[in-house]
């Protein structure tokens, strides 16, 4: 296991505040964190970014670049399928 600091939070099916807490812990040590999600988790990623930006406005965190894309994945029946992805940057003001 490496000791390098990760700057990405991958959104899945855990409770929303687990991802908010994880991102805030990383932001304490890093100037910016990326929140990444795909498929049905995109809405949850947007919620995480909004909670951090709105609730910690006094701490100086803002939403930075937002990138949307799609990936080609193989579905359970073996057919190729496009899945939407999002990457939201949360950073300190002025960074």
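Those residues that are without any contact (Cβ under 8 Å) to a residue 40 or more places away in the chain and in contact with a helix residue (DSSP H, G or I) (Cβ under 9 Å, 6 or more places away or on another chain), I need them from the stretch 23-47; list them, please. Answer for the stretch 23-47, where residues must be without any contact (Cβ under 8 Å) to a residue 40 or more places away in the chain and in contact with a helix residue (DSSP H, G or I) (Cβ under 9 Å, 6 or more places away or on another chain): 24, 44, 47. Any residue that is surrounded by 14 or more Cβ atoms within 10 Å (Cβ to Cβ) and either within 17 Å of residue 19 (Cα to Cα) or in contact (Cβ under 8 Å) with a residue 12 or more places away in the chain (or both) - is there at least one of those in the stretch 72-83? Yes, because at least one residue in the stretch 72-83 is surrounded by 14 or more Cβ atoms within 10 Å (Cβ to Cβ) and either within 17 Å of residue 19 (Cα to Cα) or in contact (Cβ under 8 Å) with a residue 12 or more places away in the chain (or both).
Read the figures in this text as sums done on the coordinates, not as results from a lab. Remember, it's a predicted structure, so these values are computed and weren't measured experimentally. Using ideal geometry, Cβ is built from the backbone for each residue, glycine included, and neighbour counts are taken over all protein chains shown.
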